[in-house]
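These notes are about the structure you will find just below.
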Amino acid sequence: MDRISKRFGAIEAVSDISFDAQPGEILGFLGPNGAGKTTTLRMIMGILRPDQGGIRYGRSGQSGKVPKSRVGYLPEERGLYDDARVMDILVYFAQLKDVPRSEARDRATKWLDRLDLEAWGQRKVAKLSKGMQQKVQFIAAMLHEPDLVVFDEPFSGLDPVFQDLFKGIIREQREAGTAILLSSHQMNRVEELCDRILLIHAGREVLRGPLQGIREGAGFHVVSMRFSGDASFLRGHEGISRLALGSDLATFVLDDATAPDSFVRSLPPEIVIREMSIQRPPLHDIFVRAVEGTAS
Amino acid sequence: MSKLLRVAQWHFRQTVTSKQFLVMALFIPAIFALAALGIAWSRGDAASAATSEPLPAFAIAFFLALLLFLGAFLSAIMALYGVIREKANRVVEIVLSSVSATDSLGGIILGLGLAGLIQVIIWVALAYTAASRFLPISLSVLSPVQAICYPILFVLGYLLIASLYATVGAMMKDIHSGGPAAMVGMIPYAPMLFVAAIIQHPEATWVQVATFFPPFTPAVLMMRLAVSALPWWEVALAIVTLAASVFLLMRFSARVFETAILMYGKNMSFREVWRWGIRRR
């Protein structure tokens, strides 16, 4: 995507956003509610037209318009035809993506087996639970083996077992060389899955890069320490800020001027460490900080 | 184009296999037919009716026109439900990520139009069979002009009403929200309220004017053709005007559909809709 903008009346929903998704990679597409994520995803899917900028699709040297049959989409707004049978819907959606009928039927059968829905293929959608319907939509997004799949909040409303199952399938798609765009508010899921992230706020890019790099780039570690003894030496210790010191628990931020190992070596022998963690800040914190940073 | 046909095939199959369709296409005329048979038998004049005076040609044409218009109208209502269902089910985003908005809308209109056509054929066949049981009637009394114009008017009438309804459907929040948008849907039906006046004075000036107002054309022209021989230029001009406005309306409604169908839970003003409809691509 190259410098995409879209406005609705007076509101600029997306302004000047560029990014790319590579085969065999999961790109996390993040942003607070109303940041313009769904609008951007709809433009990639060719449902909306950007006012400015271009979206190109290239594979093996060619590049051109995004072919609708090579992309898959799990929209955040979930829906299926209530009166139709599960198998018929899956075959219909696959046919719209140019998969031949018998091929679509075979693949759908395999997917339904895999997601424990084999008994439901001939049932009507209205008879399925919400979670089951979501599985069906998940299958519909991937049945035609697209080059690019867009998942908009794939985990919302799912129990932990399904979430793990979906996570496994998404990883599998990555191994198979699919480019995956994952939009979610569940930061722990994003951290587990994504290779790179792009964070937008109010239609603009705020942060981008490889997940590891972004966490490194935060410039500090978050330390949590359970101890017995006197820890008052932490006050005024070099590189420490935002210290919360209790009788046996201390949490603080250690800036990058003090490396974790040198901090550990600097601990006085009188203190007994019971538990300790030194971590890069979780994506959640980075997200909140970045969004607040742009708001002010 | 092949995508449009796929969408059409889906909506056609979903509709003709639904219970509602069976009720509309078979049971309703069957009930009427049974009632008519019952009345005829109880009066004991079933046999004598067969030898009675033949039905005047205009009555046959008029009845056919009525069935065709009703068929076009009810088919368009099916298309309206098709669009609303697509929107209310939230399925539209998946569909639009696979086919263009024009193919999607065109598929709904074509698929449900074919379902409607089948329904009308069943009605006409049933009515013809039932009526010819008592009366010596024949469709061969139709004039060539009627025989040519009625199918054309059915198709154009359906397309006109269906694209009007598709616009209305894309604007509606769900099947229960009516409001001003639903009133628009009654416009093509309005001439039916004046059916008696039109067939008594098919040459009156106001009837002539109404013939050239495209939303009224299908109903008015069908009725006038049933009762009077109209100058060929008047018929041709009305049909050409209708065809042109059908073309423009379909383009308009495809553009509105594209934007409005994604707006869930919002009411849209006519002004907004008009802007979407006339903007350039």
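Computed from the coordinates by the stated procedures, all read-outs in this text should not be read as laboratory data. What you are looking at is a predicted structure, and each value in this text was computed from that prediction instead of being measured. Ideal geometry is used to build each Cβ from the backbone, glycine not excepted, and the neighbour counts take in all protein chains shown.
A few notes on this one:
- Zone residues, segment B:57-92, relative to B:Ala196, backbone N less than 19 Å from point 7 Å out along Cα-to-Cβ: B:59, B:62-63, B:66
- DSSP-loop trypsin sites (Lys or Arg not before Pro) across segment A:123-185, with at most 14 other Cβ within 10 angstrom: A:Arg123
- Equivalent ellipsoid dimensions for segment A:1-147 as semi-axes, Å, which come from the Cα gyration tensor, largest first: 31, 19, 13
- Förster radius 60 Å - calculated FRET efficiency between B:Ser132 and B:Gln9 (Cβ-Cβ, nearest 0.05): 0.95
- Förster-model FRET efficiency, 30 Å R0, A:Glu118 and B:Ser2, C-beta, rounded to 0.05: 0.45
- Rounded to the nearest 10 degrees, the inclination of helix B:232-260 to the longest alpha-carbon principal axis of chain B is 30 degrees.
- Distance between modelled label sites at B:Ile187 and A:Lys127, nm, 7 Å Cα→Cβ extension: 4.4 nm
- Full extension of the chain segment joining B:Gln208 with B:Leu237 gains 9.3 nm, where the gain is 0.36 nm per residue of separation less the Cα-Cα distance.
- Applying the Karplus relation 6.51 cos²θ - 1.76 cosθ + 1.60 with θ = phi - 60° to segment B:152-168 yields 3J(HN,Hα) values of 4, 5, 4, 5, 5, x, 4, 4, 4, 5, 5, 6, 4, 5, 4, 4, 4 Hz, where x marks Gly and Pro.
- Shape index of chain B: Rg/Rh, with Rg the Cα radius of gyration and Rh the Kirkwood radius from the inverse mean 1/r over Cα pairs, equals 1.01.
- Shape descriptor for chain A: Rg over Rh equals 1.08 (Cα atoms; Rh from the Kirkwood inverse mean 1/r).
- Along chain A, the exposed loop sites are GluC sites (Glu not before Pro) outside DSSP states H, G, I, E and B with at most 12 other Cβ atoms within 10 Å, and the longest stretch free of them is A:1-237.
- Per-residue ellipticity at 222 nm computed for the protein assembly as shown from its helices equals -16500 deg cm²/dmol, with DSSP H segments shorter than 4 residues left out and the rest contributing -39,500 (n - 2.57).
- Each DSSP beta bridge with both residues in the protein assembly as shown is either parallel or antiparallel, and the antiparallel ones are about 65%.
- Using θ = phi - 60° in the Karplus curve 6.51 cos²θ - 1.76 cosθ + 1.60, the 3J(HN,Hα) couplings for segment B:134-151 round to 10, 10, x, 10, 8, 6, 6, 6, 5, 6, x, 4, 4, 4, 7, 6, 4, x Hz; x is entered for Gly and Pro.
- Given R0 = 56 Å, the distance between the Cβ atoms of A:Glu216 and A:Asp51 translates into a calculated FRET efficiency of 0.95.
- Diagonalising the gyration tensor over the Cα atoms of the protein assembly as shown and scaling each eigenvalue by 5 before taking the square root yields semi-axes of 65, 25, 19 Å, largest first.
- Kirkwood-based shape ratio for segment A:112-231, expressed as Rg/Rh from alpha carbons: 1.10
- Distance (nanometres) between label positions extended 7 Å along Cα→Cβ at B:Ile28 and B:Ser140: 3.2 nm
- Per-residue Cβ neighbour rank within 10 angstrom, fewest leading, B:Thr17, A:Thr178, A:Thr251, B:Thr205: B:Thr205, B:Thr17, A:Thr251, A:Thr178
- Between 0 and 90 degrees, the angle of helix A:86-96 with respect to the longest Cα principal axis of chain A falls at about 80 degrees.
- Against chain A, whose longest principal axis comes from its Cα atoms, helix A:283-295 is set at around 90 degrees.
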